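Before any comments, here is the structure.
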Amino acid sequence: MSDQKITIEYNDRIVRQFLLAAILWGVVGMLVGVIVASQLNFWQANFNLPWLTFGRLRPLHTNAVIFAFVGNMMFAGVYYSTQRLVKARLASDFLSSLHFWGWQAIIVAAAITLPLGLTRGKEYAELIWPINIAVAVIWVVFAANFFWTLARRNEPSLYVAIWFYIATIITVAMLYIVNHLSLPTSLLHSYPVFGGVQDALVQWWYGHNAVAFFLTTPILGIMYYFVPKAAERPIYSYRLSVIHFWSLVFVYIWAGPHHLLNTALPGWLQALGMTFSLMLWAPSWGGMLNGLLTLRGAWHRLRTDPVLKFFAAGVTFYGMATFEGPLLAIKSVNALGHYTDWIIGHVHGGTLGWNGFMAAGMFYWLAPRLWLRPLYSPALANLHFWIGLVGILLYLSAMWTSGITQGLMLNATNEGGAVLAYPNFLDTLNTIKPMMLMRVIGGGLYLIGFLLLAYNIWRTIAGAQAVNGTVEVFVEERAPSSRLGLHATVASAPVIFTVLVVFFICVWLFGRGMVNLLGLLAAMVCVILAIAHYQARARKWGEWYDRLLVNSAPFAVLTFLAVAVGGLIQIIPTITINRAANVEDRREIPWTPLELAGRDLYVLEGCYLCHSQMIRTLVPDVLRYGDYSRLGESIYDHPFQWGSKRTGPDLAREGGKYPHAWHFDHLLAPRSISVGSIMPNYPWLFSHDTDIGALKNKIDVLRTLGVPYPAWSPAEINTAATDQAKQIARDLRAQQRLVAPEREIVALIAYLQKLGKFEPVTPHGSAAAP
Amino acid sequence: MFQRVIYENWQLVFPIVAFGAAVAICCAVVWRVVHMPRGQLDRLARMPLDDDPPISDRHE
């Protein structure tokens, strides 16, 4: 074996680029956040312009802060720390640049398309299918660059931060691809391949784990690298970090169904989501304590060092958010908090406190090192910290108060639970308006703090010379014994025994008679054999694990298996449930062509962001909105529209509640009908024409996806849509509202009036519900 | 008022099995890390501190 001493210059240019992009997009994303929060207080701030309405800007806010701000910040942190932890320059400058510019192009494309109303209609997954493909390609570029760098590393061991990065790359790829599977109807529009309950489950499997594996695991990796660097002492417990990693990876992926508690989601999935959410308390708090205790002996520096301040507060907010999350996943707590501002408060505790403060700490730590100049003003950074902290606390206290208040009011009943105490939804909305205003102030303060950061970093780097870090390493030829191929990974005692035990447990659970008994016995024998084998070959088991940890490819494969199993077990059984022959006592009637056009307008305008279509199995929900929603009532919905927030009332049974004229007036000027409403006006629906020509492709795609449409010709579709539109226009004229039948408002009214209509069916293998 | 028709009673085993599997894996990981050699742990824990010197050393 020959050793050679070489000097490696890191590619810090890419880190600087991502850092600056993160600051820029952070300002944009937070500014849009303050604007949409203002729109909820002052409806005039929607300016009667389609591309400035809440329903279109809210996805811009969420996508900007998640994928543009945290995404760029994450890439900066991952690239900086990985190069140093593996003592190797990034494998390819070309791939690094392609990653950076490709990601920025995606962000710009999102910033253009979302205000135009080009959306898939799924939260945090709104981007249209051509951009989805671009995201997948650029993510593969990131993965290739990252794993190629690991393959060329000069440090054999993989620090725990790298494990978190691997889990992020693998899991986000899996989640993103599955949740974005769509069939295009045109260059700018598609329908998700999943529908109804299956779409709901896939969406929140993705949505929850976007939080877990985009906003949490990479930032935990960053925490495990940058907190020790800033505190100038090693992580408190490396043991705890290993437990933190494996527990989180195994548990997180299962918790998605907690977003659908008390809904039509099958009970076993709700139980699964709740159980695993509660289990998350342990690893999350283990990680938080590990981060905080790393500051042991350095607490006095928090008084003066803004970097440590941000890190300490950021990790604390991680602990708070991960305490609150499982709490909200308890079914009874969820019955109060779901669909209210409490959830918004919970999310922002994580994003503003954890992501935002960890990002700020990292930026303040990195800038002086990447430009070789001390921070322009630590005092300004300290001011940023206090303004930001006050902003977060105002925001959170406002949202907690607002959410719990509205939840209590909406659920309150009189006369032994038979009558709603606040039957008018607007009563609850008017009560929480002061809190909604306090949110604007809190968010505004946080934005001001972040602008101080932008100014401080700008003054730090203005005129400074950018420098790339270097390191001298002894390049060793890796011993052949440390390599672990795919065969050695899989053909090992731990993996074989695990597979056998799982297999025989399945035989025990699903077999009948003797097979069932044999499965149980075989599983027990395997466990005993595994223990015996371990006792005899403990060293070999240990060696296998140690070699696994220094071989990134097998490690990545096992991480993928860990997260994929959780997803598959949740999603595959719902494929059998979400079929017309296997619903409860009701089945959705497919939308007519005009109703489908109206539904697409509903999705385009982002109505689902404020209105749910899911009446939960809770007494107050049923008293307020009507009979609880059945599994079959959304079976043909691509995408599902169950929603996640009730800024306005649920619309699942809106059809037929009011005459056409009511909807006409309400969409033109909501306050003429509902005094105190904060809904935007939609005047353009009265001047834009419905795109009937697009319906042929849309209906064909939906038929391919299993919606029972006949093989209509374009002429038949056109006739059906026109006839229904003329009928609605005639009805409106009779109520003294004049509108041409081809206007969008007519299609939207057709859709709204259909909501809640169903055909009764006799459930498969069971008596119908009464 | 409510009558939810449950077709998938047998699937209630999934949360139980998944819970058991996750607990078993967590226990295995805990057991493993408790038996990791102290020297290896210290070396791994110090990895972030092995690279470039703190900025203050370069400027002051």
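Among the residues of A:132-139, the average count of other protein chain beta-carbon atoms within 10 Å of the residue beta-carbon is 0. By a straight-distance test (C-alpha under 23 Å), which lysines pair with A:K433 as possible cross-link partners, with residues fewer than eight away in the same chain excluded? Partners within reach: A:K645. What FRET efficiency, computed as 1/(1 + (r/R0)^6) with R0 = 35 Å and r the Cβ-Cβ distance, is obtained for A:A462 and A:W299, rounded to the nearest 0.05? After rounding, the FRET efficiency stands at 0.55. With neighbour counts taken as other beta-carbon atoms within 10 Å, the residues A:V34, A:V202 rank, fewest first, as A:V34, A:V202.
Which order do peptides A:746-753, A:463-470 fall in by mean Cβ count within 10 Å, highest first?
A:746-753, A:463-470
What's the exposure ranking of A:V761, A:V499, going from fewest to most Cβ atoms within 10 Å? Please list the in-between numbers first.
On the way: A:V761 16, A:V499 12.
Fewest-to-most Cβ neighbours within 10 Å comes out as A:V499, A:V761.
When only alpha carbons of the range A:585-760 are considered, Rg and Dmax amount to 16.0, 46 Å.
Using unit Cβ charges (K, R positive; D, E negative) and no other charged atoms, how large, in debye to the nearest 20, is the dipole of the protein assembly as shown about its Cα centre?
Dipole of the protein assembly as shown, to the nearest 20 debye: 1160 debye.
Note on A:A379 and A:E9: their simple-model spin labels are 3.8 nm apart, each label 7 Å out from Cα toward Cβ. Note on A:256-269: average number of Cβ atoms from other chains within 10 Å of each residue's Cβ is 2.
With N counted as the residues of the protein assembly as shown, its alpha-carbon radius of gyration over 2.2 N^0.38 Å works out to 0.98. Anisotropy class assigned to the range A:230-353 is oblate, per the alpha carbon gyration tensor with a/c at or over the 1.5 cut-off and a/b no larger than b/c. Summing charges over neighbours of A:L57, with a neighbour being any other residue whose Cβ is under 13 Å away from its Cβ, gives 0 when K and R count +1 and D and E count -1.
Ordered from longest to shortest, the equivalent ellipsoid semi-axes for the range A:483-548 are 28, 13, 6 Å, each the square root of 5 times a Cα gyration tensor eigenvalue.
By other beta-carbon atoms within 10 Å, ranking A:D546, A:D637 with the fewest at the front produces A:D546, A:D637.
For the residues of B:31-43, the average number of beta carbons from a partner chain within 10 Å of their own beta carbon is 3. In the structure shown, the pairs A:K229/A:K309; A:K122/A:K696; A:K657/A:K757; A:K122/A:K698 are assessed against 20 Å; a Cα-Cα span above that value is assigned to A:K122/A:K696.
Roughly what angle does helix A:160-179 make with the longest principal axis of chain A, taking Cα atoms, 0 to 90 degrees, to the nearest 10? Between the helix axis and the principal axis of chain A, the angle is about 30 degrees.
We did not get these values from a lab; they are worked out from the coordinates using the rules stated. This structure is a prediction, so every number in the text was calculated from the model and none was measured. Cβ atoms come from the backbone with ideal geometry, glycine included; neighbour counts cover every protein chain shown.
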